[in-house]
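The values are calculated or read from the model by the stated rules, or taken from the named source; none is laboratory data. Because the structure is a prediction, the values reported are computed rather than measured. Glycine gets a Cβ as well: all are built from the backbone with ideal geometry, and neighbour counts include every protein chain shown. For the accessible areas, the whole protein counts, side chains as well, though only heavy atoms, and no ligand, DNA or RNA atoms are used. Shrake-Rupley method; radii C 1.70, N 1.55, O 1.52, S 1.80 Å.
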Amino acid sequence: MTTDLDAAAGARLAERVLGHAHGIEISALDGGAARPGEGAHPSYEYRASGGEVHVRATDTPAASAGLYAYLKDVCGSQVTWNTELPLAPAGAWPATEPVRRSTPARHRYYLNTVTTGYSAPYWDWDRWQREIDWMALHGITTPLTTLGHEAVLAHAFEAHGADPADVLAWIGSSAHLPWTLMGCTNSFGGPLPRDWFARRLELARKVVDRQRELGMRTVLPAFDGHVPNSLATPQTPRTTWQGFATALLDPHEDAFGRIAETVTRTQADLLGTDHLYSADPFIESIPPSGEAVDLTGYTAAIYHGMSAADPEATWVMQAWPFHYHRHFWTAERIAAVTGAVPDERLLLLDLWAEHAPVWNDGRGIPATPWLWSAVHNFGGRFSVHGDLHGLARDLGGVLDAARSGSDRVGRLVGTGLAMEAIENNPVFYELATDLTWETPQVEGWVRDYAAQRYQLRDASPSAHDAAARAWELLLTTLYRQGASRSTPSPLIARPWDLDPPFARQRSAGEFLDPDAPVLISANIDAESDPRVEGDLTAIAEAAGYLLGAAEAAPSPALATDLVDVLTHLVAQRSRAMIRSVSAAAQAADPDGVAHHGALLTRALGDLDRLAGTQRDRLLGVWLATAARWGADAEERDTLVRDARRLLTVWARQDSGLHDYSGRHWQGLLAGFYRPRWQLWIDWLTAAATGSTDPTGFRSAVEKLEEDWAATTLIGQTEPAGDVIEIAADLLARYRDPVV
């Protein structure tokens, strides 16, 4: 059997992750059973004896996943985003009988277009290299790579007559690039540094080369029809999104096909191709026409732009619009899109299948090759959540159905992780990638996860017991059945009226179809869910167990999880404080406003102090990584201002996206959210005995936001404080409701 296995690439991966590849042998394996005519399933097998590990696999991604499975299952090790690498294991490899697994998921997709904005806008090669190794260990085959696409677009636009200055202005801010590439934003922020295009293309080449070395097929962007105004006319249709309008060429214009082909050819010349392309012209916008013939025209023009330059092109399309504007996208309109691409040349990502699937809603999605995908995180906002039982039921269920040859899942060909931001809730992603290969019993899997995550193999029984008890509680609270959406943080809510701002916070800038029978937001309606505050006693108990485990067997992963759980506890305790401030003002009780307001601002300061112990929760680190892409003070200041704005105002004051990307970071909590809440407290103190006109208060809020976003101060870039000591202090203060 011919395989796509590169054993040397697997050995180099082991050297980076483990520090060496001694005693590791990687070789070829025939695949597992598949449906007739589909070829073998991707498979791996690991075994160990005599101090040597033998990993056999059908291909390099499966081999990488097999090596990681051995490290987790047998060695009790885990590699997540904050794991200290290399693992540097000591001694001989533990022996084990052969374990063989396979998957019907030929495509294992990774990343969302906007992950490059909310998590990775300023990564360097070292950080990208680590992420690619994470992908490999977790069996990813099909990563999305948008790095450098702005340079490709600029070349194509200028080749077809656009003014370079107009193109640069249209591309706008480095922080907002993903949304410009999808036709959502344009001409906002920036400009980019002078050497940005060259440096980003150099980085992109390294990224795609390493991905291909590890057997992955990278998905590159294609042209979707959006152009700067200098390539449009006043009659050119515009798509609209959050107050932005972007020109969209008519698919029948000659310019559409010429630019599309130039983009594909230029990109292939610069980065090569694996024949997979992403394009989503109406990702959160309504098309200019709802007529089936027009939707077919747009789709056919985009695909022709790919295939004219690459006859082997396959379009990887997000099915997100079919959820987001569910009432617009009828079965007929969806068919007009999917039917315009040749069979086997379209892959549909059911993006938010863990909560709002479209594959099984009767509109014909499974008739096209499709992938079950999870979003999980929106905007990088803080939320400790994930329905682990539901993930095992739904993702495990469709894969088990595909293994058995069931027609229930139609033409399922893969899985996807399309989170808007990473480096959060690793338990969700570990389970999702494990489910690719088998469906475990969740309670047992979680016990193993905790031991692996905290490297407790040689720890004391008390550390084992504390970690296990913490996760028993977390599995019935934050990761309980039904917890498939974020619990919004009250501290990140934007005060605007006398009443608490929780209702406004729920939509978080999303379009919520007023005609839909159920409003499906990424955030739960926390004020109407009794478990949000009702579970806090159990969550505090879980934090106590994590604290005990961290004292007995300290590790970066334990510190991360302890800070996460405590942050959730304190943030949700503040919900009652905010309600009490509002109630006191409306009861004409200025002393009550002052008392509860002081508790609220103290909570913000406490969490700022806790976040300051963790390097990945420092605003200054985010800003410093942005600044290093600038060649001089002017460029660095521009980058910092754009990076600040994305986390707070997001775009303009009228865009409706305030705090969509809010974070519980040191520097944001005390430096932005606390003074904004103080404006509210001061206004309500006066309103308790006087005028309740919000005009002056709202102007003050907008001024604070604009001033903060315009500041170029970097701030703290190294962690400070003892996480155990601070955690113990906060747990004692917030274990019970604060009055």
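Kindly provide the set of residues from the stretch 380-405 that are of a type in the set (Gly, Ala, Ser), more than 22 Å from Thr142 (Cβ to Cβ) and at pLDDT 95 or above, ordered by number. Talk me through it step by step, then tell me what you get.
Our first condition is that a residue be of a type in the set (Gly, Ala, Ser); within the stretch 380-405, this holds for 380, 383, 386, 390, 392, 396-397, 401-402, 404-405.
Add one more test, that the residue is more than 22 Å from Thr142 (Cβ to Cβ), and what stays is 380, 383, 386, 390, 392, 404-405.
Hits for the stretch 380-405 are Gly380, Gly386, Gly390, Ala392.
Out of all the residues in the stretch 661-668, is one or more hydrophobic (A, V, I, L, M, F, W, C), at pLDDT 95 or above and assigned to a helix (DSSP H, G or I)? Working first, answer last.
Within the stretch 661-668, the first condition is being hydrophobic (A, V, I, L, M, F, W, C), and the residues that meet it are 665, 668.
Narrowing further to those that are at pLDDT 95 or above: 665, 668.
Within this subset, residues satisfying the condition of being assigned to a helix (DSSP H, G or I) are none.
No, the stretch 661-668 contains no residue that is hydrophobic (A, V, I, L, M, F, W, C), at pLDDT 95 or above and assigned to a helix (DSSP H, G or I).
Could you run through the stretch 128-146 and say how many residues are under 16 Å from the mean Cα position of the chain (by Cα), more than 21 Å from Ala432 (Cβ to Cβ) and surrounded by fewer than 23 Cβ atoms within 10 Å (Cβ to Cβ)?
Residues that pass the stated criteria total 1.
Condition check: hydrophobic (A, V, I, L, M, F, W, C) and open to solvent by 40 Å² or more (accessible area, probe 1.4 Å). Does Ala69 satisfy that?
Numbers: hydrophobic (A, V, I, L, M, F, W, C): yes; open to solvent by 40 Å² or more (accessible area, probe 1.4 Å): no.
Judged against the criteria, Ala69 is not a match.
Mind listing whichever residues of the stretch 687-721 are touching a residue at least 24 places away in the same chain (Cβ under 8 Å) and part of a helix (DSSP H, G or I)?
Answer for the stretch 687-721, where residues must be touching a residue at least 24 places away in the same chain (Cβ under 8 Å) and part of a helix (DSSP H, G or I): Ala687, Arg698, Val701, Glu702, Leu704, Glu705, Glu706, Trp708, Ala709, Ala710.
Out of the residues in the stretch 321-354 that are touching an Asp or Glu at 6+ places or on another chain (Cβ under 8 Å) and assigned to a loop (DSSP other than H, G, I, E, B), which is surrounded by the most Cβ atoms within 10 Å (Cβ to Cβ)? Steps first, answer last, please.
Residues of the stretch 321-354 that are touching an Asp or Glu at 6+ places or on another chain (Cβ under 8 Å), as a first pass: 321, 324-327, 353-354.
Narrowing further to those that are assigned to a loop (DSSP other than H, G, I, E, B): 325-327, 353-354.
Numbers: His325: 18, Arg326: 18, His327: 9, Ala353: 26, Glu354: 22.
Looking at residues that are touching an Asp or Glu at 6+ places or on another chain (Cβ under 8 Å) and assigned to a loop (DSSP other than H, G, I, E, B), I get Ala353.
So, in the stretch 430-475, how many residues would count as being in a loop (DSSP other than H, G, I, E, B), of a type in the set (D, E, K, R) and touching a residue at least 60 places away in the same chain (Cβ under 8 Å)?
Taking the stretch 430-475 first, the residues in a loop (DSSP other than H, G, I, E, B) are 436-441, 454-460.
Narrowing the set further to residues that are of a type in the set (D, E, K, R) leaves 438, 457-458.
Filter once more, keeping what is touching a residue at least 60 places away in the same chain (Cβ under 8 Å): 438, 457.
The total comes to 2.
Which members of the stretch 635-648 meet the condition of being under 21 Å from Ser383 (Cβ atoms) and either of a type in the set (Ser, Thr, Tyr) or not in a helix (DSSP H, G or I) (or both)?
As a first pass, look at the stretch 635-648 and keep what is under 21 Å from Ser383 (Cβ atoms): 646-648.
Thr648, the sole residue that qualifies.
Specify which of the listed residues (Gly379, Gly362) is touching a residue at least 12 places away in the same chain (Cβ under 8 Å), part of a loop (DSSP other than H, G, I, E, B) and either open to solvent by less than 30 Å² (accessible area, probe 1.4 Å) or closer than 16 Å to Leu417 by Cα (or both).
Working: Gly362 fails: either open to solvent by less than 30 Å² (accessible area, probe 1.4 Å) or closer than 16 Å to Leu417 by Cα (or both).
Residue meeting the stated conditions: Gly379.
Any idea which of (1) open to solvent by 20 Å² or more (accessible area, probe 1.4 Å); (2) of a type outside the set (Ser, Thr, Tyr); (3) assigned to a helix (DSSP H, G or I) is the one Ala631 doesn't satisfy?
With respect to (1) open to solvent by 20 Å² or more (accessible area, probe 1.4 Å); (2) of a type outside the set (Ser, Thr, Tyr); (3) assigned to a helix (DSSP H, G or I), Ala631 is out only on (3).
For the stretch 582-591, check the following and say yes or no: at least one residue is under 27 Å from the mean Cα position of the chain (by Cα), modelled with pLDDT of 95 or more and aliphatic (A, V, I, L, M). Give the steps one after another, and end with the answer.
Our first condition is that a residue be under 27 Å from the mean Cα position of the chain (by Cα); within the stretch 582-591, this holds for none.
Checking the stretch 582-591: not a single residue is under 27 Å from the mean Cα position of the chain (by Cα), modelled with pLDDT of 95 or more and aliphatic (A, V, I, L, M).
Among the residues of the stretch 94-115, is there at least one that is crowded, with 16+ Cβ neighbours inside 10 Å and assigned to a helix (DSSP H, G or I)?
For the stretch 94-115, residues crowded, with 16+ Cβ neighbours inside 10 Å and assigned to a helix (DSSP H, G or I): present.
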